[in-house]
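Enquirer: Structure in structure tokens, see below.
No lab work stands behind these numbers, since they all come straight from the coordinates. For clarity, every value in this text was computed on a predicted model and none was experimentally measured. Neighbour counts run over all protein chains shown; Cβ positions are idealised from the backbone, glycine included.
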């Protein structure tokens, strides 16, 4: 499987000190239809005075990749690699 590296906001992890971002590997194809994913581009955000950078991309197929789903996909890829 071909993969790509993306940085996303991890809202599942709560930290009292900082917003949490993670750089993970995901497949290059949309999990919904199998079409190619869009090209990631870095975007700057500010929440509650904290600045961070994450990747955004638009899939040509129109399916939206939500960060929680991206993190689950990345974790599944890690588990699959460990099982080999």
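Enquirer: Using a Gaussian network for the chain with springs between C-alpha atoms less than 10 Å apart, which of these wobbles most: 38, 27, 62?
Expert: Sorting by GNM fluctuation, first place goes to 62.
Enquirer: What Kirkwood hydrodynamic radius do you get for segment 3-83 when you take the inverse of the mean 1/r over all pairs of distinct Cα atoms, in Å?
Expert: Kirkwood hydrodynamic radius for segment 3-83: 13.5 Å.
Enquirer: In what sequence do 30, 61 fall when counting other Cβ within 10 Å, fewest first? Kindly include the intermediate steps, with their values, before the conclusion.
Expert: Details: 30 18, 61 15.
With the sparsest Cβ surroundings first, the list reads 61, 30.
Enquirer: Report, in degrees rounded to the nearest 10, the 0 to 90 angle that the Cα long axis of helix 67-83 makes with the longest principal axis of the chain.
Expert: Approximately 60 degrees, to the nearest ten.
Enquirer: Taking 8 Å as the Cα distance limit and 6 or more residues as the minimum spacing, I'd like the relative contact order of segment 3-83 as a percentage.
Expert: Working: 117 pairs, mean separation 23.6, N = 81.
Computed over segment 3-83, the figure is 29 percent.
Enquirer: What FRET efficiency would be calculated for the residue pair residue 79, residue 57, taking the C-beta separation as r and a Förster radius of 25 Å, to the nearest 0.05?
Expert: Details: r = 24 Å, r/R0 = 0.95.
Computed FRET efficiency for residue 79 and residue 57 comes out at 0.60.
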